[in-house]
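Participant: So that we are looking at the same thing, I have put the structure below in structure tokens.
The values are calculated or read from the model by the stated rules, or taken from the named source; none is laboratory data. Bear in mind the structure is a predicted one, so any value in this text is a computation, not a measurement. Neighbour counts run over all protein chains shown; Cβ positions are idealised from the backbone, glycine included. For the accessible areas, the whole protein counts, side chains as well, though only heavy atoms, and no ligand, DNA or RNA atoms are used. Shrake-Rupley method; radii C 1.70, N 1.55, O 1.52, S 1.80 Å.
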Amino acid sequence: MRYDVLQLPGVKRLLTHRWPQFTLRLVLLAAFVLAILAGWLGTPVGNRNFAVVAVWIAWWALLILVAVPWLGRAWCSVCPIPLPGEWLQNGAVLGPTGRAGLGRNRRWPRRLRNIWLQNAAFTALALTSAVILTSPVVTATVLAALILLAVGTALVYERRAFCRYLCPVGGFIGLYAQAAPLELRVRDTAVCAAHTEKACYVGNQEGYGCPWGTFPAGMVRNNVCGLCFECLRTCAYDNIVLRIRPWGEDLTQPRGRKLDEAFKAFIMLGGALVYAAVFLGPWGALKDAAYRLGSSAWWGYAGLLLGVTWIGLPGLFALAVRAGRPRHWRRAFTALAYALVPLGLMAWVAFSLAFVAANLSYIWPVLSDPLGWGWNVFGTAQVPWTPYLGRWLPLLQALALAVGVGWSVRVAGRIAQELQLTRALYPVTAFVLLAGGGMAWLLLG
Amino acid sequence: MEWRRWGFWLAVSLVVLLFPLPQARAEGASRTLRIEARQFAFEPGELKVRPGEKVTLELVAVDVAHGLYVEGYDLEVRAEPGQTARLTFVADRPGTFRLRCSVTCGDLHPFMVGKLQVGSRLWFWRALGLMAVAGWAGLSQRKAGA
């Protein structure tokens, strides 16, 4: 059951033309620069500063509640972070000009063609997130560092190596994009096989070769597609489709499962649990520990986060898989870990609902006074703090977690069937229920 | 038939959501709880009362000005440094509700959170029930598809 949205009138034209996407990215780049300036120059009070409110409340809400679950990597399609680097790499701002850019276009090292660096980068952000999320100057510095890193990577390495291998956000978007009901694929792989030029990969006058280094005909998962639509521009055979599909199709796809991505599933699920405890729990000492970077208490927090995400959850899950007595247990561990993607995604949705609903109203004053300097540009500077959703929040969180559990068990069932490892299904289901129950206790208990 | 199966799980989920859980009520009783607020925690962090109780929260701002907002009840009180403010209400809604500081009090202010538990952990138990139903549904889909 799939439907190609490019068949809808105007959609293909909208996505093939460079101006709509470029304009949106430019607007977002301007917002990004404003966030950096606000962070460095504006008030140090986080919930009165555009940097913190726009990035960690508005952007995060759109990303985790809308973009990722419904549209997969749609954010990557308009993300402004790689934009300056791409301009320099390509020597062009809008489309291919035929001129050589400044990029050295080296190949990304073979040993690093995985998401272990993204796993490490996300963990590093999580370890320092109590400061990053609340301090405008630190938020701005992190944003600026990401842009500089993206520029540096684009000048040395080919394509969007930063997005694919380094971006701490791109790593988890890629993981969860596999659950989304939208996919870009080729219509007929035979057409691609017969096409000797492979314009979608190497580029032509209409567009660049895939910035993500993906050959569309071989693509079976959303994680390696940034929805930049370059292949839509370069394909001379109208062989690219953008389909609506059932949720979570990639998760049961046997090809392309990797241990680095399996660990990303644990890091994200564990991250949601730890964040729920730190940011939404009533334990002041835990918040203090997460906030005082480098203190002995912080080391305890770091131990907790690393222990849960890198050791505890994978270890417990390994025991659950082992209980099924698999013949190739590493393969079974990696494959079944993909069943945790829906639970992880919905755990983040449940966490973010509480976080965003309580803090969303900070947006209105900040829109009028982004730097906290006493401006009132749109007349909303004095809008009081008002938590949203109120009584509906526990219901929505409970439903989100239940959907995550049911969906994860369903995916686990399909993977176990494919591996002929149905014995592992009940221990894995117990693990899913335990993790979901833990999240429910932290959010609703 | 697919829609019948979905209908069944939906019906079971609705039962879990709407089933009246027993709550020992304490109509007419009253209780006063003192809460100290300091950057960035309430002390005690978790309060427990019985449904129907008349509750008075005494908020003491120890260091800077703090507020106390009760989620789900939509009630708020604010206290200046060193002062005590009071908020009285009838805890007529069972469940666990977050208490939030409603006055910007420093970097971690958005995460200054406490908990008010009225009766049993209503939504936690309902969430567990829903998860059990969802897990059951997930397992049964495998069997149906096999």
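Participant: If only one of B:Leu68, B:Leu33, B:Leu87, B:Leu57 is open to solvent by less than 10 Å² (accessible area, probe 1.4 Å), in contact (Cβ under 8 Å) with a residue 24 or more places away in the chain and either within 20 Å of B:Gly119 (Cα to Cα) or part of a loop (DSSP other than H, G, I, E, B) (or both), which one is it?
Facilitator: Exactly one of B:Leu68, B:Leu33, B:Leu87, B:Leu57 is open to solvent by less than 10 Å² (accessible area, probe 1.4 Å), in contact (Cβ under 8 Å) with a residue 24 or more places away in the chain and either within 20 Å of B:Gly119 (Cα to Cα) or part of a loop (DSSP other than H, G, I, E, B) (or both), namely B:Leu57.
Participant: B:Val16 - would you say it is within 14 Å of chain A (Cβ to nearest Cβ), surrounded by fewer than 22 Cβ atoms within 10 Å (Cβ to Cβ), not in a loop (DSSP other than H, G, I, E, B) and not basic (Lys, Arg)? Before you say what the answer is, go through the steps one by one.
Facilitator: On the way: within 14 Å of chain A (Cβ to nearest Cβ): yes; surrounded by fewer than 22 Cβ atoms within 10 Å (Cβ to Cβ): yes; not in a loop (DSSP other than H, G, I, E, B): yes; not basic (Lys, Arg): yes.
When the stated conditions are applied, B:Val16 passes them.
Participant: Pull out all pairs, ordered by first then second residue, where Cβ-Cβ is under 6 Å, the residues are six or more apart or on different chains, the first lies in segment A:424-445 and is more than 9 Å from chain B (Cβ to nearest Cβ), and the second is of a type in the set (D, E, K, R) and open to solvent by 10 Å² or more (accessible area, probe 1.4 Å).
Facilitator: none
Participant: Among the residues of segment A:182-198, are any of a type in the set (A, V, I, L, M), within 17 Å of A:Val341 (Cα to Cα), touching a residue at least 40 places away in the same chain (Cβ under 8 Å) and buried (at least 22 other Cβ atoms within 10 Å of the Cβ)?
Facilitator: Going residue by residue through segment A:182-198, those that are of a type in the set (A, V, I, L, M) are A:182, A:184, A:186, A:190-191, A:193-194.
Next, from what is left, pick out any that are within 17 Å of A:Val341 (Cα to Cα): A:182.
Subset that is touching a residue at least 40 places away in the same chain (Cβ under 8 Å): A:182.
Those left that are additionally buried (at least 22 other Cβ atoms within 10 Å of the Cβ): none.
There is no residue in segment A:182-198 that is of a type in the set (A, V, I, L, M), within 17 Å of A:Val341 (Cα to Cα), touching a residue at least 40 places away in the same chain (Cβ under 8 Å) and buried (at least 22 other Cβ atoms within 10 Å of the Cβ).
Participant: Determine, yes or no, whether B:Gly52 is within 8 Å of chain A (Cβ to nearest Cβ), open to solvent by less than 10 Å² (accessible area, probe 1.4 Å) and on the phi > 0 side of the Ramachandran plot.
Facilitator: Values: within 8 Å of chain A (Cβ to nearest Cβ): no; open to solvent by less than 10 Å² (accessible area, probe 1.4 Å): yes; on the phi > 0 side of the Ramachandran plot: yes.
Spelling it out, it is not the case that B:Gly52 is within 8 Å of chain A (Cβ to nearest Cβ), open to solvent by less than 10 Å² (accessible area, probe 1.4 Å) and on the phi > 0 side of the Ramachandran plot.
Participant: Checking the structure you have, find out if any residue of segment A:382-404 is in contact with a helix residue (DSSP H, G or I) (Cβ under 9 Å, 6 or more places away or on another chain), touching a residue at least 60 places away in the same chain (Cβ under 8 Å) and farther than 25 Å from B:Gly67 by Cβ.
Facilitator: Yes, segment A:382-404 contains a residue that is in contact with a helix residue (DSSP H, G or I) (Cβ under 9 Å, 6 or more places away or on another chain), touching a residue at least 60 places away in the same chain (Cβ under 8 Å) and farther than 25 Å from B:Gly67 by Cβ.
Participant: Okay, moving on. Hey, A:Trp87 hits all of (1) within 14 Å of chain B (Cβ to nearest Cβ); (2) part of a helix (DSSP H, G or I); (3) among the hydrophobic types (A, V, I, L, M, F, W, C) but one; which does it fall short on?
Facilitator: (1)
Participant: Let me ask something else. Taking the criterion of being buried (at least 18 other Cβ atoms within 10 Å of the Cβ) and either of a type in the set (Ser, Thr, Tyr) or over 28 Å from A:Trp247 (Cβ atoms) (or both), would at least one residue in segment A:343-353 satisfy it? Spell out the reasoning first.
Facilitator: Residues of segment A:343-353 buried (at least 18 other Cβ atoms within 10 Å of the Cβ): A:343-353.
Still in the list and also either of a type in the set (Ser, Thr, Tyr) or over 28 Å from A:Trp247 (Cβ atoms) (or both): A:352.
Yes.
Participant: Right, here's the next one. Counting only residues that are under 16 Å from A:Lys264 (Cα atoms) and in contact with a Gly (Cβ under 6 Å, 6 or more places away or on another chain), which one in segment A:153-181 is surrounded by the fewest Cβ atoms within 10 Å (Cβ to Cβ)?
Facilitator: Pass one, segment A:153-181, residues under 16 Å from A:Lys264 (Cα atoms): A:163-179.
When the remaining residues are screened for being in contact with a Gly (Cβ under 6 Å, 6 or more places away or on another chain), the result is A:163, A:177, A:179.
Working: A:Cys163: 29, A:Ala177: 30, A:Ala179: 23.
Checked segment A:153-181; the qualifying residue surrounded by the fewest Cβ atoms within 10 Å (Cβ to Cβ) is A:Ala179.
Participant: How many of the residues in segment A:102-152 are in a loop (DSSP other than H, G, I, E, B), open to solvent by 30 Å² or more (accessible area, probe 1.4 Å) and within 20 Å of A:Cys210 (Cα to Cα)?
Facilitator: Here the count works out to 7.
Participant: Taking segment A:370-388, which residues are crowded, with 17+ Cβ neighbours inside 10 Å, within 19 Å of A:Trp59 (Cβ to Cβ) and within 14 Å of chain B (Cβ to nearest Cβ)? Walk me through it before giving the result.
Facilitator: Keep residues of segment A:370-388 that are crowded, with 17+ Cβ neighbours inside 10 Å, which gives A:370-372, A:381, A:385, A:387.
Going one step further and asking which of them are within 19 Å of A:Trp59 (Cβ to Cβ), we end up with A:370-372.
The answer is A:Gly372, and nothing else.
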